[in-house]
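Okay, so here's the structure we're looking at.
The values are calculated or read from the model by the stated rules, or taken from the named source; none is laboratory data. These numbers were taken from a predicted model, which means no experiment stands behind them. Note that each Cβ is placed from the backbone with ideal geometry, even for glycine, and that neighbours are counted across all protein chains shown. Note: areas computed on protein heavy atoms with side chains; ligands, DNA, RNA excluded. Shrake-Rupley method; radii C 1.70, N 1.55, O 1.52, S 1.80 Å.
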Amino acid sequence: MIVYFPSVTTPVRRFAAVAALGAVLVGCGTDGADPAPAALKPSSSPTAAGPAPASPQPGNPRGQGAEQRRRAPTLAPGPHGLTPVFRRAAAPAATAPRTVALTFDADMTADQGPRAARGEHFDNPGLIAALRALKVPSTVFMTGRWAEEYPAQAKAIGTDPLFEIANHSYSHHAFTSGCYGLPVVAPQDMRADVERAFTAFEKAGARNVVPYFRFPGGCYDDGALRAIAPAQVTAVQWDVVSGDAFATDADAVAEQVLAGVRPGSLVVMHCTRSAAPVTEEAVRRIVPELRRRGYRFVKVSDLMRAS
């Protein structure tokens, strides 16, 4: 099911402990699962079924990354031209394909450079190595600041056909007020923040870049959807929260994911050692079990293409 979500003025807070820690990795604090009335579902299918845009997205580089974005499936604009929002591939049904997308937020805020300089690790190369070893196609929602801090890793991820890079903003600042204490991007700067991240990916040499955007914290409203509409992205939420941010028990993270996954699910996890230290271990438990249950791992673009 492809869903356009109406205005979400106040972010959903299902994990209070994570919300209290919010300013570092707030993406785990909301599950993005507010159901939309049927009347708000878009009337058309992903643009993969129709012609691709004829020119690069406004403000984005004209390199190979931009070409990849033109080829990826996207959703038609929502009501009044708002940015569309995708959450999962299909409603659960006995006949639904057993596919699941694991997504990983590579979070780093614009002001965390000094912490990285002091040795804090916002990357997680062990996790990426594990995904490669397990042969798990994945989507990494990366901030532009992360790509600037770890350009070699951004390039390696963004040139590996196993992965695709999606946009998690440049700054990891909030696009609405009251989003876990994050600084707020001014409405007139929202589009530029999104496009600055695409520019950072291009500069790092990433090529497998898709036109998908995840709001920091999952927080958005109609004003944010309107502000980033010229960037021609599809916003991507999730229906399964891993709870990996700040977790210390890999088994608990794995159990939470395994309990929540349904056919077509989209799982949010993190690619940041300092704030999600047990994600790699949890993934090594999640993947074999889901495969045992008959699930096939796909990227977000594959979920969207099949919807």
## Note on the structure
Considering the range 249-263, residues that are surrounded by 18 or more Cβ atoms within 10 Å (Cβ to Cβ) and not polar (S, T, N, Q), and then whichever is nearest to L75 (Cα to Cα), we arrive at P263
### Query
Looking only at residues in the range 264-307 that are part of a loop (DSSP other than H, G, I, E, B) and open to solvent by less than 20 Å² (accessible area, probe 1.4 Å), which one is nearest to S138 (Cα to Cα)?
V298
### Task
Give the range 180-197 a look and list any residue that's closer than 15 Å to D107 by Cα, among the hydrophobic types (A, V, I, L, M, F, W, C) and touching a residue at least 60 places away in the same chain (Cβ under 8 Å), or say none.
L182
### Query
Among the helices (runs of 4 or more DSSP H) confined wholly to the range 109-225, which include 3 or more residues that are among the charged types (D, E, K, R) and under 25 Å from P277 (Cα atoms)?
144-149
### Task
State all residues of the range 78-128 that are open to solvent by 40 Å² or more (accessible area, probe 1.4 Å) and among the aliphatic types (A, V, I, L, M); if no residue qualifies, say none.
A91, A93, A94, A110, A117
### Message
Given the condition in contact (Cβ under 8 Å) with a residue 60 or more places away in the chain and acidic (D, E), answer yes or no: does some residue in the range 123-142 qualify?
### Response
yes
### Query
Among the residues of the range 64-77, is there at least one that is touching a residue at least 12 places away in the same chain (Cβ under 8 Å), open to solvent by 50 Å² or more (accessible area, probe 1.4 Å) and touching a helix residue (DSSP H, G or I) at 6+ places or on another chain (Cβ under 8 Å)?
yes
### Query
For the range 143-170, what are the residues that are in contact with a Pro (Cβ under 6 Å, 6 or more places away or on another chain) and open to solvent by 30 Å² or more (accessible area, probe 1.4 Å)?
L162
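Could you check how many residues of the range 234-248 are open to solvent by 10 Å² or more (accessible area, probe 1.4 Å) and in a loop (DSSP other than H, G, I, E, B)?
Final tally of qualifying residues: 5.
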### Query
What are the residues in the range 129-142 that are under 16 Å from the mean Cα position of the chain (by Cα) and open to solvent by 10 Å² or more (accessible area, probe 1.4 Å), if any?
P137
